[in-house]
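Novice: I have a structure I would like to understand better, so I am pasting it below and will then ask my questions one at a time.
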Amino acid sequence: MLETDRVTGRVFPLEITPSDDGYLRLSQAKFRAIPLVHLISGLDTEPAGTVSASVGATLADIAGFTEWASLTTPAVSLGWDWLLEAFDREVRCLRLGEPRSNIMLLDRHSRDLGHTQTAVALALVVDEMDWHETVADYVRTRYA
């Protein structure tokens with residue numbers, strides 16, 4: 001397993017050369033072994049649910065983005081959009097749409113999974129991550 005030292009900020013070699021198309025190609029197991037750290041998050045300036053032509057109170061979504069990266073060289077990047085939603089007196093962030101990444105996942109024969117299957121696999125990784133509180137804390141601090 002790859003190890004990173006968050007305290008000293010040391011960068012560790014990933015031993016992968018980016019392909020000509022910019023992707024880092026690796027297996028799902030190798031990708032899942034790479035720790036990702038929060039890089040930045042922010043709010044969208046015009047959330048999709050805002051209705052500008054209405055009069056009075058309007059329903060507006062609070063939405064944003066987040067980007068995570070590895071402390072490896074080359075760096076792995078994984079970002080996605082999120083939406084703040086309220087459920088039965090609970091407010092939480094939900095991933096919105098497919099993640100963005102410089103990763104192309106490989107099957108067991110070292111062939112590209114393709115864009116669709118890679119996006120599905122990366123979405124599953126994001127949904128398994130404990131990212132919600134980190135993003136909420138960062139956004140609260142950034143926009144305070």
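The values are calculated or read from the model by the stated rules, or taken from the named source; none is laboratory data. Everything quoted here is computed from the prediction, not taken from an experiment. No Cβ is skipped: glycine too gets one built from the backbone with ideal geometry, and neighbour counts run over all protein chains shown.
Novice: Which residues, taken from the range 1-25, are among the hydrophobic types (A, V, I, L, M, F, W, C) and modelled with pLDDT under 95?
Specialist: Scanning the range 1-25 gives 1, 2, 7, 11, 12, 14, 16.
Novice: Additional query: Name every residue in the range 111-130 that is charged (D, E, K, R) and not in a helix (DSSP H, G or I), in order of residue number.
Specialist: Matches in the range 111-130: 111, 112, 130.
Novice: Sticking with this structure for a sec: Run residue 136 past the list (1) more than 30 Å from residue 27 (Cα to Cα); (2) in contact (Cβ under 8 Å) with a residue 60 or more places away in the chain and report the number of the one that doesn't hold.
Specialist: (2)
Yes or no, residue by residue, for (1) exposed (fewer than 14 other Cβ atoms within 10 Å of the Cβ); (2) part of a strand (DSSP E or B); (3) in contact with a strand residue (DSSP E or B) (Cβ under 6 Å, 6 or more places away or on another chain):
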residue: 79; (1), (2), (3): no, yes, yes
residue: 83; (1), (2), (3): no, yes, yes
residue: 86; (1), (2), (3): yes, yes, no
residue: 93; (1), (2), (3): no, yes, yes
residue: 96; (1), (2), (3): no, yes, yes
residue: 99; (1), (2), (3): no, yes, yes
residue: 104; (1), (2), (3): no, yes, yes
residue: 109; (1), (2), (3): yes, no, no
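Novice: Any idea which residue in the range 126-144 is surrounded by the fewest Cβ atoms within 10 Å (Cβ to Cβ), counting only those that are out of contact with any Phe, Trp or Tyr (no Cβ under 7 Å at 6 or more places or on another chain) and aliphatic (A, V, I, L, M)?
Specialist: Keep residues of the range 126-144 that are out of contact with any Phe, Trp or Tyr (no Cβ under 7 Å at 6 or more places or on another chain), which gives 127-134, 136-144.
If we keep only those that are aliphatic (A, V, I, L, M) too, we end up with 129, 136, 139, 144.
Working: 129: 14, 136: 17, 139: 19, 144: 5.
Per the criteria, the residue is 144.
Novice: Just a yes or no: is a residue in the range 65-77 at pLDDT below 95, over 18 Å from the mean Cα position of the chain (by Cα) and surrounded by 14 or more Cβ atoms within 10 Å (Cβ to Cβ)?
Specialist: Among the residues of the range 65-77, not one is at pLDDT below 95, over 18 Å from the mean Cα position of the chain (by Cα) and surrounded by 14 or more Cβ atoms within 10 Å (Cβ to Cβ), which makes the answer no.
Novice: Still on this structure, please answer the following. Does residue 59 meet the test of being of a type in the set (A, V, I, L, M), over 15 Å from residue 123 (Cα atoms) and modelled with pLDDT of 80 or more?
Specialist: So residue 59 does not fit the description; no.
Novice: Within the range 111-125, can you find the residues that are touching a residue at least 24 places away in the same chain (Cβ under 8 Å) and either surrounded by fewer than 12 Cβ atoms within 10 Å (Cβ to Cβ) or over 12 Å from the mean Cα position of the chain (by Cα) (or both)?
Specialist: 112, 121
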